[in-house]
Amino acid sequence: MPAGAASALRDQARLEPLPFMQLAGWEADDHAAAFQAFLRSCRALDAGAGTLRPAQAPQPDLLSVCREALKNPGASRSEARRFFETHFQPVAVTPLSGNGFLTGYYEPEFQGSRTPDATYRVPLLDRPEDLVTIPQGETLPGLEKGLQAARRTKEGYEPYPDRAAIEEGILGPLAKPIVYLREPGEAFIIHVQGSARIRLADGSVMRVAYAGRNGRPYTSIGRLLVQQGEMDLETMTLDKLMGWLKNHPEPAKALMRQNQSYIFFREASELAPADGPIGGAGTPLVPGRSLAVDRSLWTYGLPVWLDGQLPLTLDRTEPLRRLMIAQDTGSAIVGPARGDFFFGSGEEAGRRAGLLRHAVRFVVLQPKSRS
């Protein structure tokens with residue numbers, strides 16, 4: 001791990017090596033399923049494939065472990081467990097707040113049209129030609145530190161317009177729609193989730209994937225609604241949020257514009273129907289095994305053990321003791337023990353994802369030194 005990331009981790013969390021025997025529920029997990037998700041990351045790392053949203057550079061030790069994993073792609077459950085126990089050291093990551101925190105996300109599915117009409121009028125936009133993505137930890141001349149994108153002009157670089165300005169048409173012909181949706185709230189949810197399946201009138205399904213963002217800060221509109229007294233956190237669900245946005249169009253417009261972040265998309269025609277959406281690491285996500293992490297602190301491909309609760313309903317949970325693989329990131333996923341659990345695609349996945357806002361024990365499996 002680069003010295004800067006390691007120092008930031010030590011400043012933000014207590015790191016405690018543990019034996020596998022102290023991971024409650026470790027023996028009962030499906031290690032073969034985790035291993036298959038791990039192989040997806042390993043193939044990309046071994047090939048030196050590019051990432052969609054760059055994270056910390058992979059450690060040489062992780063690359064070495066990946067090459068060992070690729071020698072046995074059909075590992076059984078017991079073989080996969082022995083592999084993880086042989087090649088990794090669990091390290092509990094306890095942030096200064098005392099607890100890790102886990103939310104959920106999913107791939108939405110909505111109806112849409114490639115051409116606008118009276119029903120389908122809300123666009124998802126392609127990446128504009130003047131958008132410049134700023135690598136993690138870097139900046140450009142004349143820009144405020146922390147902005148993650150810029151607009152290229154004849155005079156140099158300037159901050160990219162925020163959500164309100166983009167929706168009002170400031171990009172002009174640079175804003176090229178790739179598909180149209182029914183409701184602004186549907187487009188907003190896709191912006192938050194970063195991908196979607198769009199069902200078209202001819203029965204086909206269009207997949208859209210993240211293609212860039214305007215680099216502005218992300219603000220949770222759910223948190224704003226709670227602060228305004230419109231909802232309470234304990235009973236908020238995705239359905240309730242979507243209903244509020246649909247039933248209060250003008251207040252919803254103002255609310256959504258308080259989130260300055262704006263996401264651009266592309267059609268992901270390369271994805272097979274069974275594939276998950278493409279994560280920040282550039283590979284398709286695996287429902288129930290892919291985890292979004294803070295890319296400024298962690299490397300894609302690291303296994304992460306989670307110990308907590310998964311909600312079934314607002315008042316019922318089931319134990320979560322599962323090995324996940326860091327394969328994605330997100331603007332709201334900030335901190336050493338902050339994760340986002342990928343549930344899959346469609347309505348039921350969205351319902352489960354919207355319920356997850358729970359404390360979690362966060363244990364990173366660090367590759368053992370090969371030297």
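Taking only protein heavy atoms and a 1.4 Å probe, the accessible area of the stretch 195-326 is 50% carbon and sulfur.
For the stretch 350-367, backbone phi angles converted through the Karplus equation (6.51, -1.76, 1.60; θ = phi - 60°) give residue-by-residue couplings of x, 4, 5, 4, x, 8, 8, 8, 10, 5, 8, 7, 10, 10, 8, 8, 8, x Hz, Gly and Pro being listed as x. Cross-linked pairs LYS176/LYS253; LYS145/LYS240; LYS145/LYS246; LYS145/LYS176: Cα-Cα separations exceed 31 Å for LYS145/LYS240; LYS145/LYS246. Quick one: grab the alpha carbon gyration tensor of the stretch 78-129, order the square roots of its eigenvalues as a ≥ b ≥ c, and give me rounded if a/c is under 1.5, else prolate or oblate depending on whether a/b is larger than b/c. Here the stretch 78-129 falls in the prolate category.
Near the amide H of GLY344, within less than 5 Å, lie the amide hydrogens of GLU107, GLY288, all on another chain or at least 5 residues away, with H placed in the peptide plane.
Pair-distance distribution P(r) for the stretch 173-265, from all Cα-Cα distances in 5 Å bins starting at 0: 2, 12, 22, 23, 20, 13, 6, 2, 0 percent. A simple packing score, the average count of other Cβ atoms within 10 Å per residue, orders the peptides 227-233, 334-340 as 334-340, 227-233, with the highest score first. Reported to the nearest whole Å, the Cα centre-to-centre distance from the stretch 315-369 to the stretch 167-239 is 21.
Classify the stretch 199-347 as rounded, prolate or oblate from the Cα gyration tensor: take a ≥ b ≥ c as the square roots of its eigenvalues, call it rounded if a/c is under 1.5, otherwise prolate when a/b beats b/c and oblate if not. The shape class here is rounded.
Against the main long axis of the alpha-carbon atoms of the chain, helix 238-247 sits at an angle near 10°. Taken about its Cα centre, the chain carries a charge dipole of about 500 debye when Lys and Arg each add +1 at the Cβ and Asp and Glu each add -1 at the Cβ. Highest mean packing first, where packing is the average number of other Cβ atoms within 10 Å per residue, the peptides 170-181, 106-117 line up as 106-117, 170-181. The modelled label-to-label distance between SER97 and ARG10, using points 7 Å beyond Cα along the C-beta direction, is 2.4 nm.
What angle, in degrees between 0 and 90 and rounded to the nearest 10, separates the Cα long axis of helix 31-47 from the longest principal axis of the Cα atoms of the chain? It works out to around 70 degrees.
In the set (1) -0.41, -0.79, -1.27, -1.43; (2) -0.36, -0.70, -1.16, -1.33; (3) -0.52, -0.84, -1.10, -1.19, the label that goes with log10 I(q)/I(0) by the Debye sum over Cα atoms at q = 0.08, 0.11, 0.14, 0.15 Å⁻¹ computed for this structure is (1). Here the simple spin-label model places points 7 Å from the Cα toward Cβ, and for ARG152 and GLN111 these points are separated by 4.0 nm.
The charge dipole of the stretch 235-334, taken about its Cα centre with unit charges on the Cβ of Lys, Arg, Asp and Glu (plus for the first two, minus for the last two), comes to roughly 180 debye.
The values are calculated or read from the model by the stated rules, or taken from the named source; none is laboratory data. Only a predicted model underlies this, so the values are computations on that prediction, with no experimental measurement involved. Note that each Cβ is placed from the backbone with ideal geometry, even for glycine, and that neighbours are counted across all protein chains shown. Quick note on the areas: whole protein, heavy atoms, side chains included, nothing else; ligands and nucleic acids left out. Shrake-Rupley method; radii C 1.70, N 1.55, O 1.52, S 1.80 Å.
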